[in-house]
Amino acid sequence: MNSVISTLLIFVGLTSFPIFALEQPNQKVILTVEGDFENTNAKQAANFDLPMLAALPQYSITTKNPWTKGVHSYQGFSAADLLQLLKAKGTMLEVTALNKYMTKVPVEDFQVNGAIFATHRDGVPMSVRNLGPIMVIYPFDQNLDLKSEVYYGRSIWQIRHIKIAPLAE
């Protein structure tokens, strides 16, 4: 009987502390993700530094947009890959900027329309002064249907936080 109690106490003791599946950031945290997902590295959240985000599959978009002059090449990650890493399911992302501006971006925009969370512009990490550290960007020049107020409104910059909304039932 004592071995059963000892095993139970060890199990309870181990489950008292959170077990995180993601590595811890080694540099400044630039993105926090919250929602219902399995892989975390903080209490009910996932914090990312730039190298962690750069380890995700990277995609590029070269396009003009209403906020910068000329054509620029943007590089970053897809929400689909982020959700896969976190073992999360969701159809909508509530994306919040440093100034607390928030917009909702459907995950489908990344899967169907080719949007990315850009972390680099023209090969250089995006600074806060230059709409960084993270920006949602669409391939506006490749798909003229994206040149609309709907997608311009979803092109949030200076992103700091993402909340993964649960799947609709």
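Determine whether G153 is loosely packed, with under 14 Cβ neighbours inside 10 Å, farther than 17 Å from A46 by Cβ and either small (G, A, S) or touching a Pro at 6+ places or on another chain (Cβ under 7 Å) (or both). So G153 fits the description; yes. When L22 is tested against (1) modelled with pLDDT under 95; (2) open to solvent by less than 30 Å² (accessible area, probe 1.4 Å); (3) assigned to a helix (DSSP H, G or I); (4) of a type outside the set (G, A, S), just one condition goes unmet, and that condition is (3). Please indicate, with yes or no, whether at least one residue in segment 64-84 is under 19 Å from Q24 (Cβ atoms) and open to solvent by 60 Å² or more (accessible area, probe 1.4 Å). No, the conditions are met nowhere in segment 64-84. Among the residues of segment 79-88, is any assigned to a strand (DSSP E or B) and over 13 Å from the mean Cα position of the chain (by Cα)? There is no residue in segment 79-88 that is assigned to a strand (DSSP E or B) and over 13 Å from the mean Cα position of the chain (by Cα).
The requirement of being of a type in the set (A, V, I, L, M, F, W, C), part of a helix (DSSP H, G or I), within 27 Å of V29 (Cβ to Cβ) and out of contact with any strand residue (DSSP E or B) (no Cβ under 7 Å at 6 or more places or on another chain) is fulfilled nowhere in segment 143-166; no residue meets it.
Applying the condition of being open to solvent by less than 30 Å² (accessible area, probe 1.4 Å) and at pLDDT below 95 to segment 85-142 and asking which residue is farthest from I156 (Cα to Cα) yields A88. Hey, any hits in segment 94-109 for a residue that's outside any loop (DSSP other than H, G, I, E, B), free of Cβ contacts under 8 Å to residues at least 12 places away in the same chain and under 12 Å from the mean Cα position of the chain (by Cα)? No: segment 94-109 contains no residue that is outside any loop (DSSP other than H, G, I, E, B), free of Cβ contacts under 8 Å to residues at least 12 places away in the same chain and under 12 Å from the mean Cα position of the chain (by Cα). Within segment 25-70, the residues that satisfy the criterion of being farther than 17 Å from G132 by Cα and either in contact (Cβ under 8 Å) with a residue 60 or more places away in the chain or polar (S, T, N, Q) (or both) are N26, E34, G35, D36, F37, N39, T40, N41, Q44.
The values are calculated or read from the model by the stated rules, or taken from the named source; none is laboratory data. All values derive from a computational prediction rather than experimental measurement. We place every Cβ from the backbone using ideal geometry, glycine too, and count neighbours over all the protein chains shown. Just the protein is used for accessible areas: all its heavy atoms, side chains included, with ligands, DNA and RNA removed. Shrake-Rupley method; radii C 1.70, N 1.55, O 1.52, S 1.80 Å.
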